[in-house]
């Protein structure tokens, strides 16, 4: 499979997910790159983050990604000779906060496929960056996805999840959840 | 670190145990050199441990000036349980706890008597 010189992050994500699926591995697009998939005009990323669902043998991943022109550069990281996007494979399992992610969305483009966090999970994931570290940029991305994919984001599920996280770790600030909903309502 | 240390390496090595226990005692994280000094290990050994733990998602680091501050990743899916275990294990490492107590992380007004 050949990636064109002007391939976008989404093109790379579809291609990588497809070659890994053909090699028998399920890789799910997550992190900031999943946000960039849903709001490409608002959020750019040069890292394409995948978590391989079940721990894959490195040589299988190496061989699959080599077919796209990607080569291993460091533990869990692959680079292309000309494209600016780095493929990153954080160690799994797929989880947001304390909860494992066991379901995701699969989109298709012709023969290509992409496993990706649902919009609700992207909002949870980006919001958690803000919640844990106070990262305002991540809050903006969470809000952007929630606004752009309003029909797909389950805000009640999101709220219930924040309550479960708070039960487990009382040091999280409730005020940040309130702020998220306030900004979503007024923004 | 004492070579005759007979405490079990719960996380694989004594350095790894001490790094995690010391980080659990820190509110704002520590840079690698300070972390190494506090657990009486070499900066290189601690650096290697930190890289492995960061890769596993158990710790995170953030740049501060020309250095990086390392702290436990509260976003990690096992963070609450890990912290509880480290709090328990800290009891077996009184020297690490004692050094942590003496290490002040909060700002201190210039000129204030010690």
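Rule-based calculations on the coordinates, nothing more; no lab input. Quick caveat, the model's predicted, so the values are computed rather than measured. With ideal geometry, Cβ positions are generated from the backbone for all residues, glycine too; neighbour counts draw on all protein chains shown.
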Practice problem: Would you compute, from DSSP H runs of 4+ residues alone, the mean residue ellipticity of chain B at 222 nm, taking -39500 (n - 2.57) per run and dividing by the full residue count, rounded to the nearest 500? | Solution: -13500 deg cm²/dmol
Practice problem: For the protein assembly as shown, restrict the atom set to alpha-carbon positions and state the Rg and Dmax in Å. | Solution: 21.3, 71
Quiz item: Per residue of B:71-78, what is the mean number of Cβ atoms on other protein chains within 10 angstrom of that residue's Cβ?
Solution: 5
Quiz item: How far is helix A:9-22 tilted off the main Cα axis of chain A, in degrees rounded to 10, range 0 to 90?
Solution: 60 degrees
Quiz item: So how tilted is helix A:174-186 from the main axis of chain A? Cα-based, degrees 0 to 90, rounded to 10.
Solution: 80 degrees
Quiz prompt | Distant alpha-carbon pairs in segment A:119-186 (separation over 13 angstrom), percent | solution = 60 percent
Quiz item: Using the C-alpha atoms of segment B:29-108, what convex hull volume per residue, in cubic angstrom, is computed?
Solution: 110 Å³
Quiz item: Using alpha carbons only, what's the Rg to Rh ratio of segment A:9-116 with Rh from Kirkwood?
Solution: 0.93
Quiz item: Counting alpha carbon pairs within less than 8 Å and at least 6 residues apart, what relative contact order, in whole percent, applies to segment B:14-99?
Solution: 33 percent
Quiz item: Highest GNM mean-square fluctuation, chain A, Cα pairs closer than 10 Å: which of A:138, A:103, A:27?
Solution: A:103
Quiz item: Can you tell which of A:84, A:58, A:119 shows the greatest fluctuation in a Gaussian network model of chain A with Cα springs below 10 Å?
Solution: A:58
Quiz item: Relative contact order for segment A:1-118 using alpha-carbon pairs under 8 Å, separation at least 6, rounded to a whole percent?
Solution: 30 percent
Exercise. Using only Cα atoms, tell me the angle between helix A:136-148 and the longest principal axis of chain A; keep it within 0 to 90° and round to the nearest 10.
Key: 90 degrees
Quiz item: How big is the shadow of the Cα convex hull of segment A:1-66, averaged over all directions, in nm²?
Solution: 4.5 nm²
Practice problem: Give the percent of DSSP beta bridges with both residues in chain A that are antiparallel, rounded to the nearest 5. | Solution: 75 percent
Exercise. Could you work out the relative contact order of segment A:92-186, using alpha carbon pairs under 8 angstrom and six or more residues apart, expressed as a whole percent?
Key: 23 percent
Quiz prompt | Volume per residue that the Cα convex hull of segment A:62-183 spans, once the total is divided by residue count, Å³ | solution = 149 Å³
